[in-house]
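Contents: one structure, followed by commentary.
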Amino acid sequence: MTENTDAAAEATTDEHGAAGREDVNENEGISLALAQLAVEAGDLEGNRDRAVDAIERAAARGADLVALPELFTVGYFEFDLYARSAEPLEGETLGRLRDAAIENDVAVLTGSFVEDLAATDSVETPADEGYANTTALLSASGNLELVYRKHHLFGYESAETELLVPGEAIETATVCGLTVGVSTCYDLRFPELYRRLVDQGVELILVPSAWPYPRLEHWQTLSRARAIENQCYVATINGSGSFEEASLLGRSTVYDPWGTVLASSGDDPALVMADVDAGTVSEVRSRFPALRDRRL
C-alpha cells in the first residue's frame, strides 16, 4: 500500500456537516497533526520509515505535535508477531522517533508498539516480564514526557488479553502549553479513565488506535462523547490498511471541547491537521460549567 500524500485533511467536512479547521477554530494555538499511516503487516522497518516520513511532512506544514497510530510497527492484528517484534521502551522505535522529533523540532506521540517489559529498565513497568501495548510522548527536544500502556485489553475476537499486560499508570504532561493525556483504542469505551485524566487537568487527549470496520459508528460516537463530556480536545489517530482478520477504518479525527469535528480523514493514509489551544478549553468550561456539577 502506498501512502497518498495528497490525502491531507486540514479542511474536511464530516458526514454530519461539521466544518474543518479553516472555518471552525479562529483562536491561535498549536498545530496538531495526526499521521494516519499505511500499516503493513509485520514490516517493522518499513512502517518506521513511513512514520518518520510523516513526521517530516507534518513538520514541514508547521505542525507542533505529531501523533501516530496504535501498533503501527507490526500491525495490531498480527498477534503471532508480537513476541518477535517486542522491544524495550528505549528501543529502535523510540530511538528513531526521538531523532525525528529533534531533527524536525516537533513533539511526537510515538503511537504504540509491543514493549518487552523484562527488557525495559529506564522507567517503572507494571510487571517484571511480559509484553505491553505502549506509547510515549516526546518533546521537540526528545525528552520523554510520559509513558502510557493500554489499560483495557480487547478480548472480543482478539488475542490481546492473552498476550499483553495491562497498564496501570495514568499520567499527563505539558506539551506546547497544553496539558496532554493519552489513552489507546479500546480505552474509548471506558469513560472512567477519561474522568481520571480530567481530574489531572487534561486539555487534549490523544488516542492512538487500530479501529476496524464495521464499528464505524462506535468509533465516531464514543470519541465525540469523550470530548463533550470532558470538555476537552480529543484526537483519535487510526491506521490505514487491511489484514487477514480485519481492515482499519481510518477516520482519524480532531474533536473540539464542544464535540465539533475540526478535521477528519477517510480510510486512506492521510495527515489530519487542526489548531488546538488551551484557551478554547477554558472558555467552554467557563461558558458551560458541566464539570463543576459532577457528584461522582
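Here, each number is a calculation from the coordinates, and none is a lab measurement. Only a predicted model underlies this, so the values are computations on that prediction, with no experimental measurement involved. FYI the Cβ positions are ideal-geometry reconstructions off the backbone, even for glycines, and counts take in every protein chain you see.
Per-structure values
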quantity: Distance in nm between pseudo-label sites at Ala127 and Ser158 (7 Å out along the Cβ direction from Cα); calculated: 1.6 nm
quantity: Modelled label reach - Asp105, point 7 Å along Cα→Cβ, region 42-68 residues with backbone N closer than 14 Å; calculated: 59-65
quantity: Sorted by Cβ neighbour density within 10 Å, fewest at the top, the residues Thr280, Thr260; calculated: Thr260, Thr280
quantity: Fewest-first ranking of Ser240, Ser31, Ser282, using other Cβ atoms within 10 Å as the exposure measure; calculated: Ser282, Ser31, Ser240
quantity: Distance-filtered residues of region 231-256 - backbone nitrogen under 11 Å, label point 7 angstrom along Arg295 Cα→Cβ; calculated: none
quantity: Exposure proxy ranking, count of Cβ atoms within 10 Å, fewest first, for Cys185, Cys232, Cys176; calculated: Cys176, Cys185, Cys232
quantity: Antiparallel %, DSSP beta bridges [both residues in region 29-288], to 5; calculated: 65 percent
quantity: Order by protection proxy (mean Cβ within 10 Å, highest first), peptides 132-138, 225-231, 105-111, 198-204; calculated: 132-138, 105-111, 225-231, 198-204
quantity: From the coordinates shown, Kirkwood radius over Cα pairs in Å corresponds to which of [x] 21.1; [y] 18.6; [z] 20.2; calculated: [y]
quantity: Label-point gap, in nm, between Ala169 and Ala119 - each point 7 angstrom along Cα→Cβ; calculated: 2.0 nm
